[in-house]
Amino acid sequence: MSKIPPIKLSPQEAPVISLDGVSLNLTSGAGEVNILRDINLQVPRGQSIGLVGPSGAGKTSLMMIVAGLERASAGEVVIGGFSYQDRSEDDLAKFRRGNVGVVFQDFHLIGTMTALENVALPLEFAGRPDAFERAEAALDAVGLGARIVHYPGQLSGGEQQRVALARAFVGNPALLLADEPTGNLDQETGDRVIELMFTLAKTNSTTMVLITHDPAIAERCDRIIRIVNGRIVDENATDGRRTDPDSISRQERAGDC
Ligand SMILES: Nc1ncnc2c1ncn2[C@@H]1O[C@H](COP(=O)(O)OP(=O)(O)O)[C@@H](O)[C@H]1O
Ligand SMILES: [Mg+2]
């Protein structure tokens, strides 16, 4: 079995994300659909990307490809110097465990496990003997130290999303991918989750891809990438602080992720 290197031990300063001519074609009832077309993207270590675009543009599909949860139909996906080409599902899962944290819009927590068990799970899979200690510390870091034995059903939406964040960060991933992490939260709770994400990312020098619909959140990222109809149509650097909604198109504000 091939050896899976963690990005943080990678000797070369390769970009954390390198996509070269990536496309995704899926076959549906109506025939073949081109979901992503010729995506080229290089993301250096520590950079945060706001990934925006209208509903159905391909944002989630792109995130799934970068996570190794979906295979590109063509092109090259290299994450932290590790090529996804011809890797088994097992190798991709192992690579993800050591290097990539994923936050899904609808949390994806396991309902029959406590918050602590949910967060410890990826570390247990990775055979870490300190899984529970680290999980407890991660829950503490997201302000849920007092909720560790609660089940997801006993937690609010914001608390569940914070558990999901703790789970994504617990392995100290070099890359964090988040798909509309505040999409199901009220404004105030969402703001708190985003604040926490940027703080954790900064503390851990995490490269971050944040799919969002909120112009203010996108503007907090170092760079905004816009996808329309499966293609990158626009990208620009931000100063990471602006909250000027005019820099995001009207279509974007009116759209629905
Ligand atoms: N498994 C699938 N089979 C066929 N089409 C799909 C599949 N998953 C997503 N799509 C289509 O791919 C396009 C992009 O979807 P998605 O990546 O979820 O967009 P976004 O996250 O930007 O809203 C949409 O048109 C969607 O209907
Ligand atoms: Mg989506």
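The values are calculated or read from the model by the stated rules, or taken from the named source; none is laboratory data. As the structure is a computational prediction, the values presented were derived from the model and not from experiment. Note: ideal-geometry Cβ built from the backbone for every residue, glycine included; neighbour counts use all protein chains shown.
With the structure loaded, tell me whether residue 165 is at pLDDT 90 or above and either within 16 Å of ligand 2 (Cβ to nearest atom) or at positive phi (or both) or whether it fails that test. No: the conditions fail for residue 165. Taking the listed residues 178, 218, 201, the one that is in a helix (DSSP H, G or I), among the aliphatic types (A, V, I, L, M) and under 13 Å from the mean Cα position of the chain (by Cα) is 201, with no other qualifying.
Counting only strands (runs of 3 or more DSSP E) that fall entirely inside segment 20-110 and contain at least 1 residues that are surrounded by fewer than 21 Cβ atoms within 10 Å (Cβ to Cβ) and at pLDDT below 95, the qualifying elements are 31-43. Here is the figure for segment 9-64: residues that are within 16 Å of ligand 2 (Cβ to nearest atom) and not hydrophobic (A, V, I, L, M, F, W, C) total 9. Among the residues of segment 121-140, are any buried (at least 18 other Cβ atoms within 10 Å of the Cβ) and not in a helix (DSSP H, G or I)? Within segment 121-140, none of the residues are buried (at least 18 other Cβ atoms within 10 Å of the Cβ) and not in a helix (DSSP H, G or I). Taking the options 190, 171, name whichever one is away from ligand 1 (no atom under 16 Å from the Cβ), at pLDDT below 90, of a type in the set (Gly, Ala, Ser) and not in a helix (DSSP H, G or I). Going through 190, 171 in turn, the sole match is 171. Residue under question is residue 70, and the condition is that it be within 16 Å of ligand 2 (Cβ to nearest atom) and acidic (Asp, Glu); does it hold? Answer is yes for this residue.
Scanning segment 142-150 turns up no residue that is touching a Gly at 6+ places or on another chain (Cβ under 9 Å) and either hydrophobic (A, V, I, L, M, F, W, C) or not in a loop (DSSP other than H, G, I, E, B) (or both).
Yes/no matrix, rows are residues, columns are (1) within 16 Å of ligand 1 (Cβ to nearest atom); (2) free of Cβ contacts under 8 Å to residues at least 24 places away in the same chain; (3) closer than 25 Å to residue 205 by Cα:
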site: 43; (1), (2), (3): no, no, yes
site: 48; (1), (2), (3): no, no, yes
site: 52; (1), (2), (3): yes, no, yes
site: 55; (1), (2), (3): yes, no, no
site: 72; (1), (2), (3): yes, no, no
site: 79; (1), (2), (3): no, no, yes
site: 85; (1), (2), (3): no, yes, no
site: 112; (1), (2), (3): no, no, no
site: 116; (1), (2), (3): no, no, yes
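Please tell me if residue 157 is surrounded by fewer than 20 Cβ atoms within 10 Å (Cβ to Cβ) and within 21 Å of residue 58 (Cα to Cα). When the stated conditions are applied, residue 157 does not pass them. In segment 87-104, the residue that is nearest to residue 77 (Cα to Cα) out of those that are under 14 Å from the mean Cα position of the chain (by Cα) and of a type in the set (A, V, I, L, M, F, W, C) is 100.
So is residue 165 out of contact with any Asp or Glu (no Cβ under 8 Å at 6 or more places or on another chain), of a type in the set (A, V, I, L, M, F, W, C), more than 16 Å from ligand 1 (Cβ to nearest atom) and not in a helix (DSSP H, G or I) or not? Please lay out each step first, then the result.
Numbers: out of contact with any Asp or Glu (no Cβ under 8 Å at 6 or more places or on another chain): yes; of a type in the set (A, V, I, L, M, F, W, C): yes; more than 16 Å from ligand 1 (Cβ to nearest atom): yes; not in a helix (DSSP H, G or I): no.
So residue 165 fails the test.
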